[in-house]
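Take a look at the structure set out below.
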Amino acid sequence: MRIYCRLAIGLAIGLLALSHPLSAQSEAIHLGPFDDAAYMTATAEGTLAHPGALQWYAFSIDTEDTRLFIRLEGADTRALLFDSNETYLAGSENGDLERALAAGAYLIRVDNTGSGATDYTLLLSNGYERESNEGIAEANDVGTVEGAQLLLGALLPAGDMDVFRFDISDGGLANGANALRIRTGGPRSDDTVLVLYRFDDDAGRYLPIALDDDSGNEYWSRLLIRPEPGARYAVRVEETTFPILGIDRYYLSLEPMTLLSDEEPNDTSATAQDLDVLSSDRSNVVMAGVLGGDDDEDFVRLTLESRFLLHASTEPQPGVGEFDTILRVYTSSGDLLAENDNSRNTAWSSISVPLEAGVYFISVESGSASEDLVPYALYLSVQSMRTVVEIEPNDTDETSQPIVWQTGEALLMEAAIDLSGDVDSFQFTLTEAMTLILETSPRAGESTSYDTTLSVFDEELWEVAYNDDGNGRWSRIESYFEPGTYYVVVESYFDEEAFDYTLMISEPQ
(Lines give C-alpha, C1' and ligand atoms only; values in the text may rest on other atoms or scores of the structure.)
Protein backbone atom coordinates (compact mmCIF):
# COMPACT_ATOMS: atom_id res chain seq x y z
CA MET A 1 0.00 0.00 0.00
CA ARG A 2 1.22 3.50 -0.74
CA ILE A 3 -0.06 7.02 -0.19
CA TYR A 4 1.09 9.85 -2.44
CA CYS A 5 0.67 13.63 -2.21
CA ARG A 6 2.02 16.25 -4.62
CA LEU A 7 2.12 19.76 -3.20
CA ALA A 8 3.08 23.29 -4.19
CA ILE A 9 3.41 24.91 -0.80
CA GLY A 10 4.19 28.52 -0.12
CA LEU A 11 3.33 29.11 3.50
CA ALA A 12 3.93 32.22 5.61
CA ILE A 13 3.37 30.98 9.14
CA GLY A 14 4.50 33.12 12.09
CA LEU A 15 5.91 32.07 15.41
CA LEU A 16 2.53 32.47 17.15
CA ALA A 17 0.99 29.92 14.83
CA LEU A 18 3.75 27.45 15.65
CA SER A 19 2.95 27.57 19.36
CA HIS A 20 -0.76 26.84 18.94
CA PRO A 21 -1.45 23.09 19.22
CA LEU A 22 -4.45 23.17 16.92
CA SER A 23 -2.53 24.85 14.06
CA ALA A 24 -0.43 21.76 13.32
CA GLN A 25 -3.40 19.41 13.60
CA SER A 26 -5.67 21.47 11.36
CA GLU A 27 -3.06 22.26 8.70
CA ALA A 28 -1.41 18.83 8.61
CA ILE A 29 -1.67 16.71 5.47
CA HIS A 30 -2.61 13.17 6.46
CA LEU A 31 -0.39 10.38 5.16
CA GLY A 32 -2.47 7.53 6.55
CA PRO A 33 -2.12 4.74 9.12
CA PHE A 34 0.81 2.34 9.49
CA ASP A 35 0.95 -1.08 11.11
CA ASP A 36 3.25 -4.08 10.95
CA ALA A 37 0.86 -6.26 8.94
CA ALA A 38 1.71 -4.93 5.45
CA TYR A 39 4.50 -3.01 3.82
CA MET A 40 3.51 0.62 3.30
CA THR A 41 5.28 3.70 1.92
CA ALA A 42 3.81 7.19 2.01
CA THR A 43 5.33 9.91 -0.16
CA ALA A 44 4.79 13.67 -0.24
CA GLU A 45 6.49 16.23 -2.46
CA GLY A 46 6.42 19.95 -1.87
CA THR A 47 8.04 23.36 -2.15
CA LEU A 48 8.89 25.59 0.80
CA ALA A 49 8.73 28.96 -0.91
CA HIS A 50 10.74 31.13 1.46
CA PRO A 51 13.16 30.95 4.42
CA GLY A 52 11.38 29.76 7.55
CA ALA A 53 8.48 28.20 5.62
CA LEU A 54 7.19 24.89 6.97
CA GLN A 55 4.60 22.20 6.38
CA TRP A 56 2.93 19.76 8.81
CA TYR A 57 2.12 16.10 8.08
CA ALA A 58 0.12 13.68 10.19
CA PHE A 59 0.10 9.88 10.40
CA SER A 60 -0.96 7.20 12.83
CA ILE A 61 0.45 3.92 14.14
CA ASP A 62 -2.08 1.14 14.64
CA THR A 63 0.10 -1.53 16.30
CA GLU A 64 2.58 -1.28 19.17
CA ASP A 65 6.31 -0.97 18.46
CA THR A 66 5.97 -0.43 14.73
CA ARG A 67 9.31 0.54 13.25
CA LEU A 68 9.11 3.52 10.92
CA PHE A 69 11.74 4.96 8.61
CA ILE A 70 11.45 8.64 7.71
CA ARG A 71 13.51 10.11 4.86
CA LEU A 72 13.59 13.76 3.82
CA GLU A 73 15.28 14.58 0.51
CA GLY A 74 15.95 18.23 -0.32
CA ALA A 75 18.57 20.89 0.28
CA ASP A 76 18.25 23.10 3.39
CA THR A 77 15.42 21.09 4.93
CA ARG A 78 14.88 19.13 8.12
CA ALA A 79 12.13 16.84 9.43
CA LEU A 80 11.03 16.95 13.09
CA LEU A 81 8.88 14.23 14.67
CA PHE A 82 6.22 15.10 17.32
CA ASP A 83 3.53 13.19 19.17
CA SER A 84 -0.13 14.24 18.99
CA ASN A 85 0.45 16.85 21.72
CA GLU A 86 3.21 18.42 19.63
CA THR A 87 5.87 17.20 22.03
CA TYR A 88 9.15 16.95 20.17
CA LEU A 89 10.45 13.37 19.85
CA ALA A 90 13.32 13.34 17.34
CA GLY A 91 14.81 15.05 14.30
CA SER A 92 16.24 13.79 11.05
CA GLU A 93 19.99 13.27 10.85
CA ASN A 94 21.44 13.48 7.35
CA GLY A 95 17.87 13.35 6.06
CA ASP A 96 17.01 9.99 7.71
CA LEU A 97 15.20 9.14 10.94
CA GLU A 98 14.32 5.70 12.34
CA ARG A 99 12.04 5.10 15.29
CA ALA A 100 10.01 2.33 16.93
CA LEU A 101 6.66 3.96 17.72
CA ALA A 102 3.80 3.04 20.00
CA ALA A 103 0.22 3.03 18.76
CA GLY A 104 -1.13 6.56 18.41
CA ALA A 105 -1.12 9.73 16.32
CA TYR A 106 2.03 11.61 15.25
CA LEU A 107 3.09 14.74 13.42
CA ILE A 108 6.05 15.59 11.19
CA ARG A 109 7.13 19.16 10.54
CA VAL A 110 9.24 19.90 7.44
CA ASP A 111 11.23 23.15 7.78
CA ASN A 112 13.06 25.36 5.32
CA THR A 113 16.40 26.07 7.00
CA GLY A 114 18.03 27.84 4.05
CA SER A 115 18.00 31.31 2.55
CA GLY A 116 15.70 30.68 -0.42
CA ALA A 117 12.95 28.48 -1.81
CA THR A 118 13.57 24.73 -1.71
CA ASP A 119 11.90 21.56 -2.99
CA TYR A 120 11.66 18.39 -0.94
CA THR A 121 10.40 14.81 -0.94
CA LEU A 122 9.22 13.19 2.29
CA LEU A 123 8.98 9.40 2.56
CA LEU A 124 7.61 7.30 5.42
CA SER A 125 8.07 3.54 5.30
CA ASN A 126 7.60 0.52 7.54
CA GLY A 127 9.26 -1.73 4.93
CA TYR A 128 11.83 -3.40 7.13
CA GLU A 129 13.17 -6.78 6.02
CA ARG A 130 11.74 -9.73 7.92
CA GLU A 131 14.07 -12.70 8.31
CA SER A 132 14.31 -15.34 7.12
CA ASN A 133 13.99 -14.25 3.47
CA GLU A 134 16.93 -16.01 1.79
CA GLY A 135 14.87 -17.65 -0.96
CA ILE A 136 11.87 -16.96 -3.15
CA ALA A 137 9.66 -19.28 -1.08
CA GLU A 138 10.61 -17.33 2.08
CA ALA A 139 10.64 -13.93 0.36
CA ASN A 140 9.10 -10.91 2.04
CA ASP A 141 5.83 -10.13 0.25
CA VAL A 142 5.66 -6.46 -0.71
CA GLY A 143 2.25 -6.85 -2.34
CA THR A 144 1.02 -4.98 -5.40
CA VAL A 145 3.17 -2.06 -6.45
CA GLU A 146 0.81 0.91 -6.57
CA GLY A 147 3.47 3.58 -6.12
CA ALA A 148 6.97 4.07 -4.76
CA GLN A 149 8.00 1.47 -2.17
CA LEU A 150 11.01 1.92 0.10
CA LEU A 151 12.36 -1.23 1.77
CA LEU A 152 15.15 -1.49 4.32
CA GLY A 153 17.39 -4.45 4.99
CA ALA A 154 20.78 -5.74 6.06
CA LEU A 155 22.99 -8.38 4.48
CA LEU A 156 24.16 -9.92 7.75
CA PRO A 157 25.84 -12.17 8.56
CA ALA A 158 28.34 -12.04 5.69
CA GLY A 159 27.04 -14.05 2.76
CA ASP A 160 23.38 -13.30 3.53
CA MET A 161 20.92 -12.70 0.70
CA ASP A 162 17.48 -11.06 0.82
CA VAL A 163 14.54 -11.73 -1.49
CA PHE A 164 11.40 -9.61 -1.89
CA ARG A 165 8.32 -10.52 -3.95
CA PHE A 166 5.97 -8.02 -5.55
CA ASP A 167 3.08 -8.00 -8.02
CA ILE A 168 1.88 -5.72 -10.81
CA SER A 169 -1.87 -5.18 -11.08
CA ASP A 170 -3.76 -6.41 -14.13
CA GLY A 171 -4.13 -2.79 -15.20
CA GLY A 172 -0.39 -2.13 -15.01
CA LEU A 173 1.27 0.64 -13.05
CA ALA A 174 -0.87 3.53 -11.83
CA ASN A 175 -0.86 7.23 -12.77
CA GLY A 176 0.43 6.70 -16.30
CA ALA A 177 3.74 5.12 -15.21
CA ASN A 178 5.25 2.83 -17.86
CA ALA A 179 8.48 1.66 -16.19
CA LEU A 180 9.73 0.46 -12.84
CA ARG A 181 13.11 1.40 -11.41
CA ILE A 182 14.56 -1.05 -8.88
CA ARG A 183 17.68 0.14 -7.09
CA THR A 184 19.76 -0.22 -3.97
CA GLY A 185 21.48 2.48 -1.95
CA GLY A 186 22.72 3.16 1.52
CA PRO A 187 24.69 5.40 3.86
CA ARG A 188 28.03 4.02 2.63
CA SER A 189 29.61 2.90 -0.64
CA ASP A 190 28.73 -0.77 -0.36
CA ASP A 191 28.56 -3.14 -3.32
CA THR A 192 25.43 -5.09 -4.24
CA VAL A 193 24.04 -7.16 -7.09
CA LEU A 194 20.36 -7.34 -8.07
CA VAL A 195 18.78 -10.40 -9.70
CA LEU A 196 15.21 -10.01 -10.97
CA TYR A 197 12.85 -12.97 -11.43
CA ARG A 198 9.42 -13.23 -13.07
CA PHE A 199 6.93 -16.02 -12.42
CA ASP A 200 6.58 -18.23 -15.49
CA ASP A 201 3.16 -19.86 -15.71
CA ASP A 202 4.37 -22.64 -18.04
CA ALA A 203 7.33 -23.56 -15.85
CA GLY A 204 5.34 -23.02 -12.65
CA ARG A 205 8.19 -21.15 -10.97
CA TYR A 206 10.14 -17.89 -10.89
CA LEU A 207 12.80 -17.59 -13.59
CA PRO A 208 15.64 -15.02 -13.68
CA ILE A 209 15.17 -12.32 -16.32
CA ALA A 210 17.67 -9.53 -15.45
CA LEU A 211 20.81 -8.87 -13.41
CA ASP A 212 22.75 -5.74 -12.50
CA ASP A 213 25.84 -5.11 -10.43
CA ASP A 214 27.16 -1.54 -10.65
CA SER A 215 24.69 0.58 -12.63
CA GLY A 216 23.59 2.60 -9.59
CA ASN A 217 25.49 5.29 -7.72
CA GLU A 218 29.03 4.15 -6.94
CA TYR A 219 28.80 0.36 -6.43
CA TRP A 220 25.06 0.14 -5.80
CA SER A 221 22.76 -1.56 -8.30
CA ARG A 222 19.89 -0.47 -10.56
CA LEU A 223 17.45 -2.10 -12.96
CA LEU A 224 14.94 -0.24 -15.12
CA ILE A 225 12.24 -2.44 -16.67
CA ARG A 226 8.82 -2.27 -18.28
CA PRO A 227 6.82 -4.59 -15.98
CA GLU A 228 4.07 -6.70 -17.51
CA PRO A 229 0.50 -6.10 -16.24
CA GLY A 230 -0.55 -8.91 -13.93
CA ALA A 231 2.96 -10.30 -13.63
CA ARG A 232 4.59 -11.54 -10.43
CA TYR A 233 8.23 -10.67 -9.70
CA ALA A 234 10.91 -11.33 -7.11
CA VAL A 235 14.15 -9.46 -6.59
CA ARG A 236 17.26 -10.84 -4.88
CA VAL A 237 19.85 -8.62 -3.18
CA GLU A 238 23.39 -9.82 -2.43
CA GLU A 239 26.77 -8.31 -1.58
CA THR A 240 29.41 -8.60 -4.31
CA THR A 241 32.52 -6.90 -2.94
CA PHE A 242 35.52 -9.00 -1.93
CA PRO A 243 36.15 -9.90 0.79
CA ILE A 244 32.47 -10.26 1.65
CA LEU A 245 31.99 -8.59 5.03
CA GLY A 246 28.24 -7.99 5.14
CA ILE A 247 26.21 -4.77 4.79
CA ASP A 248 24.56 -3.49 7.95
CA ARG A 249 22.09 -1.18 6.18
CA TYR A 250 20.82 -0.80 2.63
CA TYR A 251 17.73 0.57 0.94
CA LEU A 252 15.81 -1.15 -1.85
CA SER A 253 13.36 1.05 -3.72
CA LEU A 254 10.65 0.15 -6.24
CA GLU A 255 9.80 3.33 -8.13
CA PRO A 256 7.18 3.59 -10.89
CA MET A 257 8.33 6.07 -13.53
CA THR A 258 7.00 7.64 -16.70
CA LEU A 259 9.51 7.44 -19.55
CA LEU A 260 9.20 9.59 -22.67
CA SER A 261 9.34 7.26 -25.66
CA ASP A 262 10.24 7.66 -29.33
CA GLU A 263 8.09 6.67 -32.30
CA GLU A 264 8.73 3.09 -33.32
CA PRO A 265 9.87 1.51 -35.55
CA ASN A 266 12.98 3.66 -36.09
CA ASP A 267 15.75 1.06 -35.80
CA THR A 268 17.32 1.76 -39.21
CA SER A 269 17.93 4.76 -41.45
CA ALA A 270 15.10 3.54 -43.68
CA THR A 271 12.63 3.88 -40.80
CA ALA A 272 14.24 6.96 -39.23
CA GLN A 273 11.99 9.49 -37.54
CA ASP A 274 11.85 12.82 -39.41
CA LEU A 275 12.83 15.87 -37.36
CA ASP A 276 12.20 19.54 -37.96
CA VAL A 277 14.46 21.33 -40.43
CA LEU A 278 17.24 23.18 -38.65
CA SER A 279 17.74 26.71 -39.97
CA SER A 280 18.93 30.06 -38.67
CA ASP A 281 15.49 30.85 -37.25
CA ARG A 282 14.77 27.36 -35.88
CA SER A 283 17.95 26.10 -34.31
CA ASN A 284 16.93 23.61 -31.60
CA VAL A 285 15.33 20.19 -31.66
CA VAL A 286 14.74 17.88 -28.69
CA MET A 287 13.63 14.26 -28.99
CA ALA A 288 13.17 11.70 -26.21
CA GLY A 289 13.52 7.97 -26.59
CA VAL A 290 14.03 4.64 -24.82
CA LEU A 291 16.40 1.87 -25.84
CA GLY A 292 16.20 -1.68 -24.58
CA GLY A 293 15.33 -5.25 -25.44
CA ASP A 294 15.19 -5.72 -29.21
CA ASP A 295 15.26 -1.94 -29.70
CA ASP A 296 18.99 -1.28 -29.38
CA GLU A 297 19.41 1.71 -31.73
CA ASP A 298 17.20 4.66 -32.73
CA PHE A 299 17.59 6.70 -35.93
CA VAL A 300 16.39 10.20 -36.81
CA ARG A 301 16.58 12.07 -40.14
CA LEU A 302 17.74 15.68 -40.00
CA THR A 303 17.73 18.33 -42.74
CA LEU A 304 20.02 21.37 -42.66
CA GLU A 305 19.06 24.37 -44.81
CA SER A 306 22.59 25.75 -44.99
CA ARG A 307 26.14 25.14 -43.77
CA PHE A 308 26.20 24.86 -39.97
CA LEU A 309 28.11 23.49 -37.04
CA LEU A 310 25.83 20.80 -35.64
CA HIS A 311 25.81 20.18 -31.89
CA ALA A 312 24.29 16.82 -30.94
CA SER A 313 24.19 15.41 -27.43
CA THR A 314 22.36 12.87 -25.31
CA GLU A 315 21.27 13.78 -21.79
CA PRO A 316 19.10 12.27 -19.03
CA GLN A 317 15.35 12.30 -19.09
CA PRO A 318 14.08 14.21 -16.03
CA GLY A 319 14.50 12.32 -12.76
CA VAL A 320 15.45 8.98 -14.33
CA GLY A 321 19.21 8.82 -13.75
CA GLU A 322 22.47 8.37 -15.65
CA PHE A 323 22.84 5.94 -18.55
CA ASP A 324 25.37 5.08 -21.26
CA THR A 325 24.83 5.93 -24.94
CA ILE A 326 26.76 5.96 -28.22
CA LEU A 327 25.95 8.78 -30.65
CA ARG A 328 26.68 8.73 -34.41
CA VAL A 329 26.18 11.09 -37.35
CA TYR A 330 25.87 9.70 -40.91
CA THR A 331 25.61 11.19 -44.40
CA SER A 332 22.44 10.61 -46.43
CA SER A 333 24.21 7.69 -48.13
CA GLY A 334 25.13 6.06 -44.81
CA ASP A 335 28.79 7.08 -44.44
CA LEU A 336 29.84 7.62 -40.82
CA LEU A 337 30.86 11.24 -40.16
CA ALA A 338 31.26 11.35 -36.38
CA GLU A 339 30.92 9.05 -33.38
CA ASN A 340 31.10 9.54 -29.62
CA ASP A 341 30.62 7.23 -26.65
CA ASN A 342 31.56 8.99 -23.41
CA SER A 343 31.87 12.77 -23.22
CA ARG A 344 32.31 15.50 -20.59
CA ASN A 345 33.32 12.96 -17.94
CA THR A 346 29.97 11.18 -18.22
CA ALA A 347 28.62 8.13 -20.05
CA TRP A 348 26.42 10.42 -22.17
CA SER A 349 27.53 11.41 -25.67
CA SER A 350 28.31 14.70 -27.41
CA ILE A 351 29.29 15.55 -31.00
CA SER A 352 30.05 18.89 -32.66
CA VAL A 353 30.61 18.50 -36.38
CA PRO A 354 30.62 20.99 -39.33
CA LEU A 355 28.09 20.01 -41.98
CA GLU A 356 27.05 21.34 -45.37
CA ALA A 357 23.39 21.84 -46.25
CA GLY A 358 21.68 18.51 -46.81
CA VAL A 359 20.14 15.43 -45.19
CA TYR A 360 21.82 13.52 -42.38
CA PHE A 361 21.04 10.59 -40.09
CA ILE A 362 21.73 10.55 -36.37
CA SER A 363 21.61 7.37 -34.30
CA VAL A 364 21.55 6.71 -30.57
CA GLU A 365 22.68 3.29 -29.33
CA SER A 366 22.95 1.83 -25.85
CA GLY A 367 26.54 1.81 -24.64
CA SER A 368 25.96 -0.73 -21.89
CA ALA A 369 25.62 -4.50 -21.79
CA SER A 370 23.15 -4.21 -18.88
CA GLU A 371 19.57 -5.41 -19.24
CA ASP A 372 18.48 -1.89 -18.30
CA LEU A 373 16.20 0.17 -20.42
CA VAL A 374 18.11 3.27 -21.54
CA PRO A 375 15.95 6.41 -21.53
CA TYR A 376 17.58 9.44 -23.12
CA ALA A 377 16.91 12.90 -24.48
CA LEU A 378 18.55 13.86 -27.79
CA TYR A 379 19.39 17.55 -28.14
CA LEU A 380 20.27 19.05 -31.53
CA SER A 381 21.24 22.65 -32.30
CA VAL A 382 23.11 24.51 -35.02
CA GLN A 383 25.52 27.41 -34.87
CA SER A 384 27.07 29.70 -37.45
CA MET A 385 30.74 29.00 -37.99
CA ARG A 386 33.86 30.55 -39.49
CA THR A 387 36.73 28.51 -40.87
CA VAL A 388 40.42 29.42 -40.63
CA VAL A 389 43.25 27.43 -42.19
CA GLU A 390 46.43 26.62 -40.28
CA ILE A 391 49.63 28.38 -41.39
CA GLU A 392 52.96 26.64 -40.75
CA PRO A 393 55.36 26.99 -39.04
CA ASN A 394 53.49 27.30 -35.72
CA ASP A 395 55.42 24.89 -33.49
CA THR A 396 56.43 27.32 -30.70
CA ASP A 397 54.99 30.24 -28.77
CA GLU A 398 57.11 32.62 -30.90
CA THR A 399 55.65 31.21 -34.14
CA SER A 400 52.17 30.58 -32.71
CA GLN A 401 49.46 31.43 -35.26
CA PRO A 402 47.26 34.36 -34.12
CA ILE A 403 43.53 33.75 -34.49
CA VAL A 404 40.55 35.96 -33.73
CA TRP A 405 37.62 34.44 -31.90
CA GLN A 406 34.32 36.34 -31.70
CA THR A 407 31.58 35.86 -29.11
CA GLY A 408 28.64 33.84 -30.42
CA GLU A 409 30.44 32.07 -33.25
CA ALA A 410 32.12 28.73 -33.66
CA LEU A 411 35.65 29.05 -34.97
CA LEU A 412 36.97 26.06 -36.89
CA MET A 413 40.71 25.77 -37.41
CA GLU A 414 41.48 23.30 -40.21
CA ALA A 415 44.93 21.93 -39.42
CA ALA A 416 47.18 18.91 -39.81
CA ILE A 417 49.70 16.98 -37.74
CA ASP A 418 52.78 15.89 -39.66
CA LEU A 419 55.17 13.10 -38.75
CA SER A 420 58.19 13.44 -36.45
CA GLY A 421 56.55 15.17 -33.52
CA ASP A 422 54.73 18.07 -35.18
CA VAL A 423 53.21 20.55 -32.73
CA ASP A 424 50.50 23.08 -33.67
CA SER A 425 50.22 26.27 -31.62
CA PHE A 426 47.50 28.92 -31.89
CA GLN A 427 47.17 32.20 -30.02
CA PHE A 428 44.05 34.18 -29.15
CA THR A 429 43.09 36.98 -26.75
CA LEU A 430 39.98 37.40 -24.59
CA THR A 431 38.84 40.88 -23.60
CA GLU A 432 36.32 39.54 -21.08
CA ALA A 433 36.04 36.47 -18.87
CA MET A 434 34.02 33.57 -20.29
CA THR A 435 33.65 29.81 -20.53
CA LEU A 436 34.98 28.30 -23.74
CA ILE A 437 34.96 24.85 -25.31
CA LEU A 438 38.05 23.79 -27.24
CA GLU A 439 37.99 20.41 -28.93
CA THR A 440 39.67 18.47 -31.70
CA SER A 441 37.67 16.36 -34.16
CA PRO A 442 37.82 15.01 -37.74
CA ARG A 443 37.62 17.31 -40.72
CA ALA A 444 34.14 17.79 -42.22
CA GLY A 445 33.16 14.71 -44.22
CA GLU A 446 35.69 12.46 -42.46
CA SER A 447 35.16 9.98 -39.63
CA THR A 448 38.56 8.46 -38.81
CA SER A 449 39.49 8.92 -35.14
CA TYR A 450 43.00 9.96 -34.14
CA ASP A 451 44.54 10.43 -30.70
CA THR A 452 45.38 14.04 -29.81
CA THR A 453 46.35 15.95 -26.70
CA LEU A 454 45.15 19.50 -26.12
CA SER A 455 46.81 22.06 -23.84
CA VAL A 456 46.09 25.70 -22.99
CA PHE A 457 48.80 28.01 -21.63
CA ASP A 458 48.45 31.56 -20.32
CA GLU A 459 50.65 34.43 -21.49
CA GLU A 460 53.25 33.48 -18.85
CA LEU A 461 53.29 30.01 -20.45
CA TRP A 462 51.80 28.32 -17.40
CA GLU A 463 49.56 25.40 -18.37
CA VAL A 464 45.99 26.21 -17.28
CA ALA A 465 44.11 23.33 -18.95
CA TYR A 466 44.91 19.93 -20.45
CA ASN A 467 43.00 17.00 -21.95
CA ASP A 468 43.81 13.77 -23.73
CA ASP A 469 40.67 11.73 -24.48
CA GLY A 470 37.74 13.98 -23.58
CA ASN A 471 36.07 13.48 -26.97
CA GLY A 472 36.66 9.81 -27.64
CA ARG A 473 40.32 9.61 -28.71
CA TRP A 474 40.08 13.26 -29.65
CA SER A 475 40.48 15.96 -26.99
CA ARG A 476 38.05 18.35 -25.31
CA ILE A 477 38.43 21.17 -22.79
CA GLU A 478 35.57 23.16 -21.31
CA SER A 479 36.92 25.76 -18.91
CA TYR A 480 36.46 29.27 -17.55
CA PHE A 481 39.06 31.76 -18.77
CA GLU A 482 39.88 35.21 -17.42
CA PRO A 483 40.70 38.06 -19.87
CA GLY A 484 44.15 37.66 -21.36
CA THR A 485 46.22 36.00 -24.06
CA TYR A 486 46.24 32.20 -24.37
CA TYR A 487 48.18 29.62 -26.37
CA VAL A 488 46.41 26.46 -27.57
CA VAL A 489 48.73 23.54 -28.35
CA VAL A 490 47.64 20.43 -30.27
CA GLU A 491 49.85 17.33 -30.46
CA SER A 492 49.51 13.73 -31.55
CA TYR A 493 49.66 11.20 -28.73
CA PHE A 494 51.65 8.94 -31.07
CA ASP A 495 54.57 10.53 -32.96
CA GLU A 496 54.24 8.15 -35.92
CA GLU A 497 50.73 9.38 -36.88
CA ALA A 498 50.05 12.07 -39.48
CA PHE A 499 46.48 13.29 -40.00
CA ASP A 500 44.16 16.19 -40.72
CA TYR A 501 41.93 17.51 -37.94
CA THR A 502 39.71 20.40 -36.88
CA LEU A 503 40.20 22.51 -33.76
CA MET A 504 36.93 24.12 -32.69
CA ILE A 505 36.58 27.05 -30.29
CA SER A 506 33.06 27.94 -29.15
CA GLU A 507 30.89 28.83 -26.17
CA PRO A 508 28.64 26.28 -24.41
CA GLN A 509 25.20 26.05 -26.03
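The values are calculated or read from the model by the stated rules, or taken from the named source; none is laboratory data. Since this is a predicted model, take the numbers as computed values, not measurements. Ideal geometry is used to build each Cβ from the backbone, glycine not excepted, and the neighbour counts take in all protein chains shown.
The condition of being modelled with pLDDT of 90 or more, closer than 22 Å to residue 478 by Cβ and of a type in the set (Ser, Thr, Tyr) holds for only one of 431, 407, 399, 331, that being 431.
Surrounded by fewer than 14 Cβ atoms within 10 Å (Cβ to Cβ) and either farther than 19 Å from residue 293 by Cβ or of a type in the set (Ser, Thr, Tyr) (or both), is that true of residue 159? Spelling it out, residue 159 is indeed surrounded by fewer than 14 Cβ atoms within 10 Å (Cβ to Cβ) and either farther than 19 Å from residue 293 by Cβ or of a type in the set (Ser, Thr, Tyr) (or both).
Mind checking whether some residue in region 390-399 is touching a strand residue (DSSP E or B) at 6+ places or on another chain (Cβ under 9 Å) and assigned to a strand (DSSP E or B)? No: region 390-399 contains no residue that is touching a strand residue (DSSP E or B) at 6+ places or on another chain (Cβ under 9 Å) and assigned to a strand (DSSP E or B). Can you find a residue that is surrounded by 14 or more Cβ atoms within 10 Å (Cβ to Cβ) and closer than 22 Å to residue 398 by Cα anywhere in region 435-444? Yes, that holds for at least one residue.
Meeting the requirement of 2 or more residues that are in contact with a Gly (Cβ under 6 Å, 6 or more places away or on another chain), the strands (runs of 3 or more DSSP E) wholly within region 209-301 are 247-257.
Selection of region 8-48 for residues being among the aliphatic types (A, V, I, L, M), within 17 Å of residue 110 (Cβ to Cβ), in contact with a Ser or Thr (Cβ under 9 Å, 6 or more places away or on another chain) and modelled with pLDDT of 50 or more yields 31, 42, 44, 48. Residues in region 135-151 that are aliphatic (A, V, I, L, M) and outside any strand (DSSP E or B): 136, 137, 139, 145, 148.
Among the residues of region 418-456, those identified as over 30 Å from residue 331 (Cα atoms) and either among the charged types (D, E, K, R) or not assigned by TED's automatic domain parsing to the domain that holds residue 480 (or both) are 422, 432. Within region 457-475, take every residue that is in contact with a Ser or Thr (Cβ under 7 Å, 6 or more places away or on another chain) and at pLDDT 90 or above and give me the one that is surrounded by the most Cβ atoms within 10 Å (Cβ to Cβ). The qualifying residue surrounded by the most Cβ atoms within 10 Å (Cβ to Cβ) is 475. The residues in region 115-134 that are polar (S, T, N, Q) and either over 28 Å from the mean Cα position of the chain (by Cα) or assigned to a loop (DSSP other than H, G, I, E, B) (or both) can be counted, and the count is 4.
Of the residues examined, residue 208 is not one that is at pLDDT below 95 and either farther than 17 Å from residue 372 by Cα or over 22 Å from the mean Cα position of the chain (by Cα) (or both). When region 219-253 is filtered for residues that are without any contact (Cβ under 8 Å) to a residue 40 or more places away in the chain, among the aromatic types (Phe, Trp, Tyr) and surrounded by 14 or more Cβ atoms within 10 Å (Cβ to Cβ), the ones remaining, listed by number, are 219, 220.
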